[in-house]
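S.K.: Dropping a structure here in structure tokens format, bear with me for questions.
The values are calculated or read from the model by the stated rules, or taken from the named source; none is laboratory data. All values reported here derive from a predicted model rather than from experimental measurement. Note that we place each Cβ from the backbone using ideal geometry, even for glycine, and neighbour counts take in every protein chain shown. We work out accessible area using only protein heavy atoms, side chains counted, and drop any ligands, DNA or RNA first. Shrake-Rupley method; radii C 1.70, N 1.55, O 1.52, S 1.80 Å.
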Amino acid sequence: MSMTSRNRLWVIGSVAAMAVILLLAWFIGIQPQLASLQAIQAQQASIDAQNAREQAVLDQLQADADHADELEAEWKAASASVPDGTGVPDFIDQLYALETSTGVVIERITVSDAAPFVSAAPAVPVDAPAEGADATSGDTTATATDAAAAAATSGALDATNFATLQVGIEVSGEYANILEFVHGLQSGARLVLVNEVEVSTAAVDPNAAAGPVFDESGEPVAAPPAAPAVSHQARIGGYIFSLVNADEAAPTQSDLGADQAASQ
């Protein structure tokens, strides 16, 4: 074999050896290192995302701590609005305080036993109206209202932790004072859903206003008193709410009007 042939074989052998070395280096050294590096990068990305979430929680906790007084005030207002328990005595006290501030007279207060809360049923989609039918019928509106009510109901409320109590209040007084009483009832510390208000005019004695007073010469010595204001009577119905299991709550049914009449 000539020198040239042997040199060519050496060159080919050297190239082949280098290729084998490169392949071995890739599969044994470089590729595992790259895979390890990618795994580390993915793990780092996951850790960074977790740190970001935890930082967001810490930021929120810090913000809550900075507004602790405001949050406590909101919690107290919410607790008074829907108390943990029926809270009927406190509600009665609220009504009598409202009676004093508005000038009406409470004739009767009735409170039913706590009843388990029943969430709104899911709305049933309305079928497409038939040809020629009115697409804006009342049924469609009612279904949309039911859907909105169902969407606004929290899934955390159920019959085991939330109850409703039906209340009825009968008052008498001037019409403006009754309106003020109803407004105060709806905007008071206890959440009250007023769903019924019936107002009627009370009978007025036509002889209630005395005539003018005259002296011996027939001259009036005092102006006639103003005619008494027309009195009204109102019956107000609604609901109050409590965080309580109705099946385990103590009886709350009461009728203060009947109790007062019995005591007299």
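S.K.: Among the residues in region 151-166, are any of a type in the set (A, V, I, L, M, F, W, C), modelled with pLDDT under 60 and either out of contact with any Lys or Arg (no Cβ under 8 Å at 6 or more places or on another chain) or open to solvent by less than 60 Å² (accessible area, probe 1.4 Å) (or both)?
M.R.: Yes, region 151-166 contains at least one residue that is of a type in the set (A, V, I, L, M, F, W, C), modelled with pLDDT under 60 and either out of contact with any Lys or Arg (no Cβ under 8 Å at 6 or more places or on another chain) or open to solvent by less than 60 Å² (accessible area, probe 1.4 Å) (or both).
S.K.: Residue under question is GLN60, and the condition is that it be at pLDDT below 90 and not acidic (Asp, Glu); does it hold?
M.R.: yes
S.K.: A further question follows. Quick one: which of PHE241, PHE214, PHE181 is at pLDDT 95 or above, out of contact with any Lys or Arg (no Cβ under 8 Å at 6 or more places or on another chain) and not basic (Lys, Arg)?
M.R.: PHE181
S.K.: Would you check if there is a residue in region 127-142 being surrounded by 15 or more Cβ atoms within 10 Å (Cβ to Cβ) and at pLDDT below 90?
M.R.: Within region 127-142, none of the residues are surrounded by 15 or more Cβ atoms within 10 Å (Cβ to Cβ) and at pLDDT below 90.
S.K.: Considering ALA234, ALA250, which residue is part of a loop (DSSP other than H, G, I, E, B) and at pLDDT 65 or above?
M.R.: ALA250
S.K.: Is it the case that region 79-88 has a residue that's open to solvent by 80 Å² or more (accessible area, probe 1.4 Å) and within 30 Å of VAL199 (Cβ to Cβ)?
M.R.: The answer is no; no qualifying residue exists.
S.K.: Report yes if ASP113 is under 28 Å from THR160 (Cβ atoms) and either open to solvent by less than 80 Å² (accessible area, probe 1.4 Å) or at pLDDT below 95 (or both), otherwise no.
M.R.: yes
S.K.: Just one of (1) at pLDDT 75 or above; (2) open to solvent by 70 Å² or more (accessible area, probe 1.4 Å); (3) of a type in the set (D, E, K, R) trips up ARG190, so point out which.
M.R.: (2)
S.K.: Out of GLU74, GLU107, GLU54, which single residue is more than 28 Å from the chain's Cα centre (by Cα), within 30 Å of GLY238 (Cβ to Cβ) and among the acidic types (Asp, Glu)?
M.R.: GLU107
S.K.: Restricting attention to region 40-94, which residues are closer than 21 Å to LEU243 by Cβ and of a type in the set (A, V, I, L, M, F, W, C)?
M.R.: The answer is LEU71, ALA73, TRP75, ALA77, ALA78, ALA80, VAL82, VAL88, PHE91, ILE92.
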